[in-house]
Amino acid sequence: MARASLIASVFVSLFASLCSAQWTILGSVSTTTALGFEVDGAHAYLSDGDGGFRIVDVSNVSSMSVVSTLLPTWHRGYQVVLTDDPDIIIYITNECSLWKVNVSNVALPVALAVYEPPSMGQMAYVVGNYALVACDSAGLLVVDLTTMTLAATLVTGGSARHVDVVGSYAFVTCGFASLLVVDISNMLTPSIVATVPTPWLAQTVHVHNSIAWVGMSPHVFLVDVSNPLAPVGLSTIAMGGLTYEMSFHGTNAYVAAGSLYLFDNSVPTAPVLCSVYAATPSFRTTAVVATPAAVFASNYWGADPGFYALSGPLFCDTPAPPTVAPTPAPPTGVPTVAPPTAAPTSAPATAGPPTPAPATTVPTAAPPTAAPGTAVPPTVAPTPVPTAAPTPAPTTSNSAPVGHSPAGGPPPPPAQAPTPSPTASGTAPIGLSPARRSP
């Protein structure tokens, strides 16, 4: 198993070098330490470490620019959460303060109020007037955004790190413990309704097409949550580094795991790796948002931190045609040879259906055969089609799943990643960007 993991990691590294040319940097702006961000229309909202809360104009990705900066305190910015009110953004700092920011005037954002959680808030997701905050050992907190006060608490039994919401269910990662499914139909009384043990450290979670992508270290664990009361672990995908945020657009899935990974997600239970990309030699990303205009990613590492707009490979946007290809017609001028099991040739003309009208009348003594490109009538005796070429195998350049292993049981220890892990401890920083709402 260790050897298989090493081979998968080496393949990912080689694949990255082959596929980098398929990506293009459309535009970028310099940042301090951009860990989390959200894109909403013509603007991106960044939590930029010591640079604070920043608003970037992305209406023209080739000439993006910083519109404004807000530093409500000296605390470093870690993540940004969109709300149902387009004028309100939740900005979270490293001291886990939740700032309610008015961005109705993007040139002059205003901090309205702040909530200080009892423990280190890892991530938040906003539903209506409430924010669900994954708050480490304090569990899952429900914060009333109208009054910026604590409305409810759910003990998770582990270190609550990340949360995503679909309908009336919240999906919460709890470190080494598990993925929790929480009923939030009543925000004031959330309750755990299902638990899925995770084979590795559960950092992040994003649900798309009834599949929960659980970011681990350094894997992605796929869980079928089509029935939230009975989730089923499916498989793990080996990644090249610590796995942080994901974003989905069309049939594409993007995973920020140091480098940026692009998967063909046409079959949600079996995503296929298409490309691996790093914008610069020191590129390390923890956040990604895919939009119709561009794929946005942040680089928090090295000498050139920045916020990037990228154009990725297009082949993942156009899924391959059905796997059963049409049988090629026989070459022109080559006579059709009847197979050994062909029907007797002495059958009267009325024994079979009328022959489609060709250029010349086919002798009735011969077994009915279809002219090239003409379908055989449905009632003809089940004679195998002669000289049928084998169905061409699908192309293999981008179709092989990478690093999949059966669900159940812990995966092997991670091999040396092709890109350095962002943290030496192997644990994701608390500055994870919020759950992405699929377009």
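Computed from the coordinates by the stated procedures, all read-outs in this text should not be read as laboratory data. In this text, all values refer to a predicted model and were calculated from it rather than measured experimentally. Every residue, glycine as well, gets a Cβ built from its backbone with ideal geometry; the counts of neighbours run over all protein chains shown.
Measuring r between the beta carbons of Asn209 and Thr280 and using R0 = 41 Å, the FRET efficiency lands at 0.80.
Close amide H contacts of Gln203 (hydrogens built in the peptide plane, cut-off under 5 Å, sequence separation of 5 or more or a different chain): Gly215, Met216. Prolate is the label for segment 136-228, because the ratio a/c of its alpha-carbon gyration tensor axes (a ≥ b ≥ c) is 1.5 or higher and a/b is greater than b/c. Give me the Kirkwood hydrodynamic radius of segment 183-255 in Å, from all C-alpha pairs, to one decimal place? Every distinct Cα pair counted, the radius reaches 13.1 Å. Remark on segment 247-302: hydrodynamic radius 11.5 angstrom, per the Kirkwood mean of 1/r across alpha carbon pairs. Between Asp144 and Ala270, the C-beta separation translates, for a Förster distance of 30 Å, into a calculated FRET efficiency of about 0.15.
Across segment 174-193, the residues whose backbone nitrogen lies under 18 Å from the label position 7 Å along the beta-carbon direction of Thr153 are 187-192. Residue by residue, segment 172-183 carries 3J(HN,Hα) couplings of 10, 8, 10, x, 6, 6, 4, 9, 9, 10, 10, 7 Hz when phi is fed to the Karplus relation 6.51 cos²θ - 1.76 cosθ + 1.60 (θ = phi - 60°); x denotes Gly or Pro. Estimated at 0.36 nm per residue, the fully extended path between Val114 and Ser185 surpasses their Cα-Cα distance by 23.0 nm. Per-peptide packing, taken as the mean over residues of other Cβ atoms within 10 Å, places 207-217, 222-232, 53-63, 245-255 in the sequence 245-255, 207-217, 53-63, 222-232 from highest down. What separates the Cα centres of segment 83-155 and segment 237-310 is a distance of 26 Å. Residue by residue, segment 151-161 carries 3J(HN,Hα) couplings of 9, 6, 9, 10, 6, 9, x, x, 7, 5, 10 Hz when phi is fed to the Karplus relation 6.51 cos²θ - 1.76 cosθ + 1.60 (θ = phi - 60°); x denotes Gly or Pro. Annotation: amide H of His219 within the under-5 Å range of Met239, Thr243, sequence separation 5 or more or interchain, hydrogens built in the peptide plane. In order along segment 34-49, the Karplus-derived 3J(HN,Hα) couplings, from 6.51 cos²θ - 1.76 cosθ + 1.60 at θ = phi - 60°, round to 6, 9, x, 7, 9, 10, 9, x, 8, 9, 10, 10, 10, 9, 10, x Hz, and Gly and Pro are given as x.
Between Asp84 and Val193, what FRET efficiency follows from the Cβ-Cβ distance if R0 is 22 Å, with the result rounded to 0.05? Once the sixth-power term is evaluated, E becomes 0.35.
Summed over all non-identical Cα pairs, the Kirkwood treatment of segment 168-289 gives a radius of 14.7 Å.
For the peptides 176-186, 40-50, the ranking by mean Cβ contacts within 10 Å, running from highest to lowest, is 40-50, 176-186.
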